[in-house]
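K.L.:
The structure's right below; bear with me while I get my questions together.
The values are calculated or read from the model by the stated rules, or taken from the named source; none is laboratory data. Here the structure is a predicted model, which means the values were calculated and not measured. Because the Cβ atoms are built from the backbone with ideal geometry, glycine has one as well, and the counts that use them run over all protein chains shown. Surface accessibility is based on the protein's heavy atoms, side chains included, excluding ligands, DNA and RNA. Shrake-Rupley method; radii C 1.70, N 1.55, O 1.52, S 1.80 Å.
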Amino acid sequence: MRRSVFGRFLRDHLRALVGWGVGVAAVTALYSAFWPSMRDSSGAMDAYLESLPQGLLETMGWNSLSTAEGYLGATVFGLLVPALLVIAAAVLGARAIAGDEEDGGLELLLAHPVSRTGVLVQRFAALTVFVAVLGAVVFGTLLLLGPAIDIGLPADRPLAASTAVALIGLVHGAAALAVGAATGRRALALGAAAVLAVVGYLGHTLARQVEELEWLRFASAFHYALEPDPLANGFDPAPTAVLLAVPVVLVALGAAAFNRRDVGV
């Protein structure tokens, strides 16, 4: 049983992984495929961007749509792919403990010789693999399309950006898992992840323009993942370490609460 919790949880959600993977690949391919047209019309696009307020450009990340890293950063990695990964990870994280408890399966699992912490850690590991596969789909799609659409970026740049958005998803998935473990309520777990995502995205975008909200940037997974501009600069160890540490801390807090409360039937 100890060895099967991780594998069983992944197998049970294999269809979901395939579905999310197809969706993520489709979105990545669709928006990447427009890059040659954008590159060929870069003069007109630059003129259009110059007519927009600077604050709007900074908020939306549209400062450099005439370069491959600028275009992909604003379209593929700026909102759409991170949003998909956040939703996928939050749904799975909420399902990992709270969803299973509400469906009546968690009590049966815990009747076997496996600790609550063990279940939580193994399902977090499965969540990590789930999100990592989706990040790999983003990277693989760009790698396959790169020669055809002439992205012209070294492979480590899309790899860094794909890793960054995967870590955004993992942070929010871990938040959903931790809240679900602490409360046993799937709705609360999803709600907490959604609030964290909205506040985090606003902290990464609108807070740049409002001095009083500047502190929100440092509570945002989007800030640590996207502010270093991985498509242009590659991996940045410090913010990556933060994004790796936060899910671990969240799961540890969730485990502490999970071990103290009664499991509902």
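K.L.:
May I ask you to derive the relative contact order of the chain, considering only C-alpha pairs under 8 Å and at least 6 residues apart, and to give it as an integer percent?
P.N.:
Working: 388 pairs, mean separation 66.5, N = 265.
After rounding, I find 25 percent.
K.L.:
With +1 assigned to the C-beta of every Lys and Arg and -1 to the C-beta of every Asp and Glu, and no other charges, what is the dipole magnitude of the chain about the Cα centre in debye, to the nearest 20? Could you put the intermediate results ahead of the total?
P.N.:
On the way: 16 positive and 20 negative charges, 255 e Å.
About 1220 debye.
K.L.:
Rounded, prolate or oblate: which one fits segment 109-265, using the alpha carbon gyration tensor with axes a ≥ b ≥ c (rounded when a/c is under 1.5, else prolate when a/b beats b/c, else oblate)? Display every interim value, and only then the final one.
P.N.:
Numbers: a/c = 2.66, a/b = 1.53, b/c = 1.74.
Oblate, because a/c is 1.5 or more while a/b does not exceed b/c.
K.L.:
Compute, for THR128, the solvent-accessible surface of its heavy atoms (probe 1.4 Å) with the complete set of protein chains present, and express it in square angstrom to the nearest 10.
P.N.:
Result for THR128: roughly 50 Å² accessible.
K.L.:
Which net charge results when you count Lys and Arg as +1 and Asp and Glu as -1 among the other residues whose beta-carbon is under 13 Å from that of ASP262? Intermediate results must be reported in sequence, preceding the final value.
P.N.:
Working: positive: ARG116, ARG260, ARG261; negative: GLU101, GLU107.
Charge balance in the 13 Å sphere: +1.
K.L.:
Now for a different question. Using the Cα gyration tensor of segment 90-129, with a ≥ b ≥ c the square roots of its eigenvalues, what is the shape: rounded (a/c below 1.5), prolate (a/b larger than b/c) or oblate (neither)? Intermediate results must be reported in sequence, preceding the final value.
P.N.:
Values: a/c = 2.98, a/b = 1.22, b/c = 2.45.
Cα axes put segment 90-129 in the oblate bin.
K.L.:
Multiply the residue separation of PHE235 and ALA83 by 0.36 nm, subtract the distance between their alpha-carbon atoms, and state the gained length in nm to one decimal. It would help to have the intermediate numbers written out before the result.
P.N.:
Values: separation 152, 0.36 × 152 = 54.72 nm, distance 2.09 nm.
Taking PHE235 through ALA83 to full extension adds about 52.6 nm, to one decimal.
K.L.:
Given Cα pairs under 8 Å that are at least 6 residues apart, what percent is the relative contact order of segment 181-265? Please list the in-between numbers first.
P.N.:
Working: 61 pairs, mean separation 26.9, N = 85.
After rounding, I find 32 percent.
K.L.:
Please give the calculated 222 nm ellipticity per residue for the chain, where each DSSP H segment of at least 4 residues contributes -39500 (n - 2.57) and the sum is spread over every residue; nearest 500 deg cm²/dmol?
P.N.:
On the way: 14 runs with 190 residues, N = 265.
Value at 222 nm, helices only, nearest 500: -23000 deg cm²/dmol.
K.L.:
Could you state the orientation-averaged shadow area of the convex hull built on the Cα atoms of the chain, in nm² to one decimal? Mind dumping the intermediate values first?
P.N.:
Numbers: hull surface 57.8 nm².
Over every viewing direction, the Cα hull of the chain projects on average to 14.4 nm².
K.L.:
Taking only protein heavy atoms into account and a 1.4 Å probe, give the accessible area per residue of segment 110-265 in Å².
P.N.:
Numbers: 6980 Å² over 156 residues.
With the other protein chains kept in place, segment 110-265 gives 45 Å² per residue.
K.L.:
Might you work out the accessible area of VAL119 for me, using a 1.4 Å probe with all protein chains in place, and round it to the nearest 10 Å²?
P.N.:
0
K.L.:
Is the shape of segment 150-214 best called rounded, prolate or oblate, per the rule: a/c under 1.5 gives rounded, else a/b larger than b/c gives prolate, else oblate, with a ≥ b ≥ c the square roots of the Cα gyration tensor eigenvalues?
P.N.:
Numbers: a/c = 3.87, a/b = 1.42, b/c = 2.72.
Note, shape of segment 150-214 comes out oblate.
K.L.:
Under a 10 Å cutoff between Cα atoms, tell me which one of PRO158, PRO82, PRO36 has the largest fluctuation in the Gaussian network model of the chain.
P.N.:
PRO36
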